[in-house]
Amino acid sequence: MPNRPIRGVVCLEAVGLLAAACVAVLLGPGANWELPLFGVLLVASVIGDLTARDTAATRIKISSSFLAIVTATVLLGATPGALIGTVTILAGWLRFRYTGSALLNNLFTFAWFPILSGSAFHAAVDATGVDGGDGLFYLLVFGAFMLALAINFLLVVGERSYVERDALWNKVRLIFMPLLPTHLASGLLAVGLGFLYLHAGLASLALVAIALLVTQYLFGALLLSQQRAGELEVRAKQLAGFQVGLLSALLRTLDLRDRMTARHSAAVARYSREIAVAAGMSEEEQELAHTAGLLHDIGKFILSDKILSGEADLSEADWVEIRKHPYEGARIVSEIDGYRPVGEIILAHHERIDGLGYPRGLQSDEIPEIAKIIAVADTYDVLTARDSYREPTSSFEALAELRRSAGTQLDPRYVEILAGLLKGREFSYRHGEDADFEAELALEARISDHATAGATHAPRLGATA
């Protein structure tokens, strides 16, 4: 969606800036124009702005100048604070030369937030009669800081939210909330600076300057760490895309050599997930079943074209190679960060309840539950699919065959769950011929989930009902 035109916003901000100048002039005579303190805070604010770091993701500068300006509004008054704010913005613009509309927005913001927060603070002080020896005074200082922060954020980000047609809450969540702990710490620092100055006088000016410079350094370190974290996230997603895309490419290449592979993998993934759902497994286990079903035959990549075609009689040596495919599939998949649980299931999907399966001869409870589900789904689809190596059977005949194998090859519980799922289903579903490999693959969702999930839980590889 295109951005809104900013002409109207510029006009409003220009009028608002003139209004701020008028208000500042009216409030000026009542301010405390203590020039040494004003000079220290002005210099600290300008240096803070000139050394500020950009937040790369949000294109917003954050610096210790804000703390210097708020300190000025509290100790000197609204007009000195607004004057320091506008001079700081102009000095920064001379250095960075950003756009005129951005300059106007910054001037408008840095004139009004000191005026509003400073006026509110001094009105509250006058109404309560407190001074620097009263705890309530410092509570009001903290309140003034937070009010200034809120006004500053709303004026800067509110304009961007309007122009970019983006919800303000999105800006709050992405920009304001991550930095809130640091802002709270800065608010407490403003309280400390006020206390220090009111009790130590001009002798504290050097400490005030040092405190502001330290704050600037801490802000810079925080933003740099956030930028690096963002870069790492981008790189992690790129790596995830490469790794998961590689699995997809292997499956597609295998499908070119063995025409049934992609459709069969999608069908087994769909059946396996629905069996897991009906079995009452957790959502994580359901997605794990789907993932393992999709990738269960990826180890066949090592097999020769003669074996894959299924057209020639297989020798004992050929069967030895075939029995290696669970191991090879598990080895390939387990190399992907976070996919080890998938690899363990792939390794066991040809094990049998009676211990006569391969490659490790596991029995009953030694076999992962999801591997038992994959075995049922795999067998059913091979029996019923029309692109199978054998003459396809009806769904009824396939279920009868599955029940004959229950307790020896297959787990009876999952055989019966599949039988229940097939009742009332359409013919095309029962034979798995509508299984859409691309839909089951859900590559974009898989890359995103893998990049954010890491190795903490089974990755989600997309799921369709």
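The values are calculated or read from the model by the stated rules, or taken from the named source; none is laboratory data. Remember, it's a predicted structure, so these values are computed and weren't measured experimentally. Because the Cβ atoms are built from the backbone with ideal geometry, glycine has one as well, and the counts that use them run over all protein chains shown.
Details
- Test: residue 338 is at pLDDT below 90, part of a loop (DSSP other than H, G, I, E, B), surrounded by 13 or more Cβ atoms within 10 Å (Cβ to Cβ) and not β-branched (Val, Ile, Thr): yes
- Some residue of the range 341-351 being under 26 Å from residue 419 (Cα atoms), of a type in the set (D, E, K, R) and assigned to a loop (DSSP other than H, G, I, E, B): yes
- Among the residues of this structure, residue 92 counts as one that is in contact with a strand residue (DSSP E or B) (Cβ under 9 Å, 6 or more places away or on another chain), at pLDDT below 95 and buried (at least 17 other Cβ atoms within 10 Å of the Cβ).
- If the condition is being buried (at least 20 other Cβ atoms within 10 Å of the Cβ) and in a helix (DSSP H, G or I), then the range 352-375 contributes 370, 371, 372, 373, 374, 375.
- Exactly one residue out of 313, 381 is in contact (Cβ under 8 Å) with a residue 24 or more places away in the chain and either part of a loop (DSSP other than H, G, I, E, B) or within 23 Å of residue 277 (Cβ to Cβ) (or both), and it is 381.
- Subset of the range 332-360 (residues that are in contact with a Leu (Cβ under 9 Å, 6 or more places away or on another chain), touching a residue at least 24 places away in the same chain (Cβ under 8 Å) and charged (D, E, K, R)): 337, 351, 352
- Filter pass, residue 121 being touching a Leu at 6+ places or on another chain (Cβ under 8 Å) and at pLDDT 90 or above: yes
- When 40, 25 are screened for being more than 18 Å from residue 148 (Cβ to Cβ) and modelled with pLDDT of 90 or more, only 25 passes.
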